[in-house]
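Data block below; observations after.
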Amino acid sequence: MSGLVTHFEIYGDDLSDLADFYRDLFGWTIAKVPGIDYHTIQTGSSSRDGIRGGLQRRPIDEPRSWVHYVSVDAIDDAVSRVERLGGTVVRPKTAVPQTAWYAVVQDPAGNIFAVWQPDPTAYPPPLPD
């Protein structure tokens, strides 16, 4: 089947620190591949319930983005953890009406991704009069 996401890669310069960031943030299993400068990433408990990825040295300067949406239990906690672990917020918590909350964040190496909390009651605050 074509059109399916098969994997993702996150680029950086200090791969050990970046691996620690994603392990601490999401609990991903990240392992250094012996003999090469590459780390494998497993986002779920098995290859059937999570997408696989990799960490490698940045092959190009721009863009600094992998923009995948990562599901979290609590958006506010996830954003706080991103900041505590050395990341930054690019777009603060925003509602997708009656669907979810999301925030776009940046890891310590400058890669942008989003965290996503499903919530059928999500709704943006009313606009001021």
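Read the figures in this text as sums done on the coordinates, not as results from a lab. Model, not experiment: these values are computed from the prediction. Here the Cβ positions follow ideal geometry from the backbone for every residue, glycine too, while neighbour counts run over all protein chains shown.
If R₀ is 22 angstrom, what is the calculated FRET efficiency for the pair Asp61 and Val33, using the beta carbon separation as r and rounding to 0.05?
0.35
Using alpha carbons only, how many degrees (0 to 90, rounded to 10) separate the axis of helix 15-26 from the longest principal axis of the chain?
Helix 15-26 and the main axis of the chain meet at about 40 degrees.
Once both axes come from the Cα atoms, what is the angle between helix 75-84 and the longest principal axis of the chain, in degrees from 0 to 90, rounded to 10?
Taking the Cα atoms of the chain, the angle to 75-84 is about 50 degrees.
Assuming R0 = 35 Å, can you tell me the calculated FRET efficiency for the pair Ile51 and Thr88, based on Cβ-Cβ distance, to the nearest 0.05?
With a Förster radius of 35 Å, E is 0.90.
Past the 16 angstrom mark, what percentage of all C-alpha to C-alpha distances in the chain do you count?
Roughly 65 percent, once rounded to a whole number.
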